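Below is one structure; the comments refer to it alone.
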Amino acid sequence: MIEIRALTTTEEFRRAVALQKAIWKFADIELLPARLFVVATKVGGQAFGAFDGDKMIAFCLAIPGLKPGGPSFLHSHMLGVHAKYRNAGVGRMLKLRQRDDALARGIELIEWTFDPLEIKNAWFNIERLGAIVRRYVHNQYGTTSSALHGGLPTDRCTAEWWVSSGRVSAIIEQREHAREFVEARISVPSDIVEIRTHDSRRARQIQSGIGLQLQDNFSKGLAVIGFERSSEAGTYLLGRWQ
């Protein structure tokens, strides 16, 4: 049985730091330190862990955010799952705990960034959680030491998770819901992981092209409102949202 619970002690924060190093293989200078977990939990953020018995197998960390003229929100900065527990629904359990906590506190929006080349993550964020995307950021974190990033610029999409919306509730509860009209499609080749590993130049060309297409559509008022997967590609579906 996997248990999700709030992280509250210094020892738990240190275990989350060790877990993040095991997952991403970051250099020490790039790790989120234990003191950031402390601060986040003191100023309205979130730190949750997933445990298999006494073993921490996943964690997530969110910090409070403000937008000019807008309400407060949560920025979910990092979520990591140990390799042995991936594809077991642990990430979704953590996200749902984040949502429950946000709803209990009257917070309507949780945001996070994700790599648009990561087809599995895109599908999870959009189709399993109900997030939308309206922003694309070039090289948000700079080039990192993680092999998972393949030496590419850390271009990112910003997921907006409107946790009290009917769309999100329907998707989480797996109910039928109205789908927005699709006006544009942008595809990522299904073998992008292999391309990124063996042909970084081509991977960068693909990354750049997808970024330009997304930004062009966002400038026209479109948002990512769906995602499809096939043996050939993962495809972002764009349309009008609200």
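The values are calculated or read from the model by the stated rules, or taken from the named source; none is laboratory data. Quick caveat, the model's predicted, so the values are computed rather than measured. Counting neighbours? That spans all protein chains shown, and the Cβs are built from the backbone with ideal geometry, glycine included.
Mind listing just one residue for me: the one in region 151-173 that is surrounded by fewer than 19 Cβ atoms within 10 Å (Cβ to Cβ) and farther than 16 Å from ILE225 by Cα and, of those, modelled with the highest pLDDT? Only one residue tops the list, namely SER164.
LEU79 meets each of the listed conditions (1) modelled with pLDDT of 95 or more; (2) farther than 17 Å from THR154 by Cα apart from (2).
Applying the condition of being free of Cβ contacts under 8 Å to residues at least 40 places away in the same chain and surrounded by 18 or more Cβ atoms within 10 Å (Cβ to Cβ) to region 42-62 and asking which residue is farthest from the chain's Cα centre (by Cα) yields GLY45. Residues in region 29-73 that are aliphatic (A, V, I, L, M) and over 18 Å from THR8 (Cβ atoms): ILE29, LEU31, LEU66. Note on region 209-241: residues that are in a strand (DSSP E or B) and either charged (D, E, K, R) or under 20 Å from the mean Cα position of the chain (by Cα) (or both) amount to 13. Applying the criterion of being within 23 Å of ARG86 (Cα to Cα) and in contact with a Ser or Thr (Cβ under 8 Å, 6 or more places away or on another chain) to the residues of region 7-29, the residue that is surrounded by the most Cβ atoms within 10 Å (Cβ to Cβ) is LEU7. For region 80-92, the set of residues classified as part of a loop (DSSP other than H, G, I, E, B) and charged (D, E, K, R) consists of ARG86 only. Taking region 19-37 as the range and being within 14 Å of LEU61 (Cβ to Cβ) and touching a strand residue (DSSP E or B) at 6+ places or on another chain (Cβ under 9 Å) as the test, the residues that pass are LEU19, GLN20, ILE23, TRP24, LEU32, LEU36, PHE37. Taking the condition within 19 Å of PHE114 (Cβ to Cβ), crowded, with 16+ Cβ neighbours inside 10 Å and in contact with a His (Cβ under 8 Å, 6 or more places away or on another chain), does GLY234 pass? No; evaluated as a whole, the condition is false for this residue.
In this structure, does GLY89 turn out to be farther than 22 Å from ALA122 by Cβ and under 17 Å from the mean Cα position of the chain (by Cα)? Answer is no for this residue.
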